[in-house]
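Bear in mind these aren't lab numbers, they're just calculated from the coordinates by the rules spelled out. If you're wondering where the values come from, they're calculated on a predicted model, not measured in any experiment. Positions of Cβ are generated from backbone atoms using ideal geometry, with glycine treated the same way; all protein chains shown enter the neighbour counts.
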Amino acid sequence: MIIDKPGQYAALWDNSQIQPRYPRMLFLRRPDGFRYAADSADDNVYMDSSSFDSDRACAQWESLVSALRAAGQLVMALPGDPQTPEAVFPNNVFATAPGRLLIGAMRHPSRQYEALHAPTRQVLGKLLGLQTIDLSQKSVIAELTGSLVIDRARQLGYCGLSERCNREGAVAMDEGFALKHSVLFDLSEGEYHSNVVLCALGGCGLLGYPGGIADEQWFAVWRQTMGDRLIEISLEEKNAFVANCIALDGDQLWMSAVAASALRPATLAAIETLGLCVHSSPLDEIEKAGGSLRCMVGEVY
């Protein structure tokens, strides 16, 4: 069901001790051919136009893969493609629900090409035995778990509408992920993906930047319904990609080293109160492309 008015939200939130839900496997794509993606720059204000160091990006990617594995996460490391410079952010193009592989409907040409990447489709679809739901063949824009932040424990989606996701795309994702409810709102001007301003923390709560959503009433309702399960971050924390984090099994909350260093003491304390422990990895080279750790991590449920 689609919910697009703040007043409708209170009935959706269950503040009881719901068991957090984490992916059973992760997949990451190496940043082969890592470079400035001009077509994405027109609506991604986080991109850096300075020089991109592909070797350094690959080294940081390998370090993250190793760190995740050392922390007990099951990681599938996939090669990239020099023709798709943003393939290092696969969660926008490939995402899963139990038994399903969703293919995103991307706005920009280079990512539309990426959605057609046969080897990735084969690995995630055929090898894992998942049914493919191809949104790229529909007349929608839907950049999957970039635009849609999912509380998997409640099957509740938070979908920010922008150039990267229209209402038709949000409806298609609600159906494709088989969600109970999807909350739709406009992102603030200049924000391109919900996962830069919100994180569902595996179902433990919600972390987010109030200024990232156009209608301030959404955060007002969340304050009333979630209490201390809502963690509000500052503009400085948001710009350091604090919200572009992901909660994983073992009560781990992963974010980049830049994000972790930007955490205010109050934010860190609120995260730890929810039972999560912050883990980080250096990703400043990859962050020049306008995304961070959450964007790099694809999930298999």
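Working from the alpha-carbon coordinates of region 94-179, get Rg over Rh, Rh being the Kirkwood radius.
My calculation puts Rg/Rh at 0.95.
What lysines does K180 reach when the alpha-carbon gap must be under 26 Å and sequence neighbours fewer than 8 apart in one chain are set aside?
Partners found: K5, K138.
Determine, for I18, I3, the number of other Cβ atoms within 10 Å of each Cβ, and report the residues in order from fewest to most. Don't jump to the answer; show the numbers that get you there.
On the way: I18 12, I3 18.
Starting with the residue having the fewest Cβ neighbours, the order is I18, I3.
Enumerate the amide H contacts of I133 below 5 Å, restricted to partners 5 or more residues apart or on another chain; note that Pro and chain-start residues carry no placed amide H.
For I133, whose amide H was placed from the backbone, the distant partners under 5 Å are L101, L102, I103.
Along region 32-46, what does the Karplus equation 6.51 cos²θ - 1.76 cosθ + 1.60 (θ = phi - 60°) give for ³J(HN,Hα), rounded to whole Hz, x for Gly and Pro?
5, x, 4, 6, 5, 9, 4, 5, 7, 5, 6, 9, 10, 6, 7
Looking at the square roots a ≥ b ≥ c of the eigenvalues of the Cα gyration tensor of region 125-229, which shape do they give, rounded for a/c under 1.5, prolate if a/b is larger than b/c, or oblate?
Because a/c hits 1.5 or more and a/b fails to exceed b/c, region 125-229 counts as oblate.
Please compute the contact order of region 220-264 in relative form: average sequence separation of alpha-carbon pairs under 8 Å and at least six residues apart, divided by the residue count, as a percent.
With pairs under 8 Å counted, the relative contact order is 32 percent.
From Cα pairs below 8 angstrom and at least 6 apart in sequence, can you work out the relative contact order of the chain, rounded to a whole percent?
Numbers: 659 pairs, mean separation 73.5, N = 301.
Relative contact order for the chain comes out at 24 percent.
Using Cα pairs closer than 8 Å and at least 6 residues apart in sequence, work out the relative contact order for region 147-297, in percent.
Rounded, it is 19 percent for region 147-297.
State the volume of the convex hull built on the alpha-carbon positions of region 13-82, expressed per residue in Å³ and rounded to an integer.
Enclosed volume per residue, from the Cα hull, is 155 Å³.
Along region 231-236, what does the Karplus equation 6.51 cos²θ - 1.76 cosθ + 1.60 (θ = phi - 60°) give for ³J(HN,Hα), rounded to whole Hz, x for Gly and Pro?
Going residue by residue, I get 10, 9, 10, 8, 4, 5 Hz, with x marking Gly and Pro.
Quick check on packing: order 158-166, 128-136, 140-148, 176-184 by the mean number of other C-beta atoms within 10 Å, highest mean leading.
Values: 158-166: 23.7, 128-136: 15.6, 140-148: 26.8, 176-184: 19.6.
Taking the mean over residues of other Cβ atoms within 10 Å, the ranking is 140-148, 158-166, 176-184, 128-136.
What is region 158-301 by shape, rounded, prolate or oblate, if you read a ≥ b ≥ c off the alpha carbon gyration tensor as root eigenvalues and call it rounded for a/c under 1.5, prolate for a/b larger than b/c, and oblate otherwise?
Rounded.
Could you give the Stokes-Einstein D for region 261-301 in µm² per second, using the C-alpha Kirkwood radius, 4 °C, 1.567 mPa s?
The Stokes-Einstein estimate is 106 µm²/s.
Given 10 Å bins starting at zero, what is the percent of C-alpha pairs of the chain in each, up to the one with the largest pair distance?
P(r) over the chain, rounded to whole percents: 7, 31, 40, 20, 2.
Tell me, what ³J(HN,Hα) does each residue in region 173-186 have, in order and in whole Hz, if you take phi through Karplus 6.51 cos²θ - 1.76 cosθ + 1.60 with θ = phi - 60° and put x for Gly and Pro?
So the Karplus estimates, Gly and Pro as x, are 6, 4, 6, x, 8, 6, 7, 6, 8, 10, 8, 10, 8, 7 Hz.
What's the exposure ranking of K288, K138, going from fewest to most Cβ atoms within 10 Å? Intermediate results must be reported in sequence, preceding the final value.
Working: K288 21, K138 14.
Listed from fewest to most nearby Cβ atoms, that is K138, K288.
What number results when the radius of gyration of region 81-137, computed over Cα atoms, is divided by 2.2 N^0.38 Å?
Dividing the Cα radius of gyration by 2.2 N^0.38 Å gives 1.04.
Run the helix sum for the chain: -39,500 (n - 2.57) per DSSP H stretch of 4+ residues, divided by residue count, reported at 222 nm to the nearest 500 deg cm²/dmol.
On the way: 10 runs with 76 residues, N = 301.
So the calculated ellipticity at 222 nm is -6500 deg cm²/dmol.
Please give the charge dipole size of the chain, origin at the Cα centre, charges +1 on K and R Cβ atoms and -1 on D and E Cβ atoms. Round to the nearest 20 debye.
Value, rounded to 20: 920 debye.
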